[in-house]
């Protein structure tokens with residue numbers, strides 16, 4: 001596994017840990033300012049809209065995710081990754097548990113500082 005692939009896998013792990021901890025700042029630091037998220041049946045979501053949605057469930061639900069990275073390929077300052085993920089959201093008020101599973105295709109860009117950032121994410125969870 002090359003250094004770029006390791007860094008991207010570490011970013012994905014860090015994202016999952018930060019989400020579980022409700023650490024929005026860390027999650028936002030892992031994405032480019034012009035990040036776009038694509039989900040079925042919804043308009044594209046910007047980084048700002050992502051932050052607002054995160055704040056909407058933070059403190060009201062516990063989020064646990066597992067990501068099985070199938071492939072990472074990096075060339076120059078662009079990389080893509082596809083994964084199978086599972087996200088379990090548990091309401092802290094009611095204990096209701098919802099699980100969503102599916103595939104994601106993510107594009108990363110290398111920043112001028114040399115770190116990888118999430119740039120585009122197509123999320124097919126159902």
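Rule-based calculations on the coordinates, nothing more; no lab input. Predicted model, so just to flag it, every value in this text is computed and none were measured.
Roughly speaking, what is the centre-to-centre gap between the range 110-126 and the range 57-85 when only Cα atoms are used, to the nearest Å? Computed from Cα coordinates, the inter-centre distance equals 9 Å.
For the Cα atoms of the chain, what angle does the longest principal axis make with the long axis of helix 47-57, in degrees from 0 to 90, nearest 10? The helix 47-57 is inclined about 30 degrees to the chain.
The convex hull defined by the C-alpha atoms of the range 72-126 has an orientation-averaged projected area of 4.9 nm². Relative to the longest principal axis of the Cα atoms of the chain, the long axis of helix 3-21 lies at roughly 20 degrees. Extent of the chain along its three principal axes (Cα atoms, max minus min coordinate, largest first): 47, 28, 27 Å. Here the sum of -39500 (n - 2.57) over DSSP H runs of 4 or more residues, divided by the residues of the chain, equals -9000 deg cm²/dmol at 222 nm, to the nearest 500.
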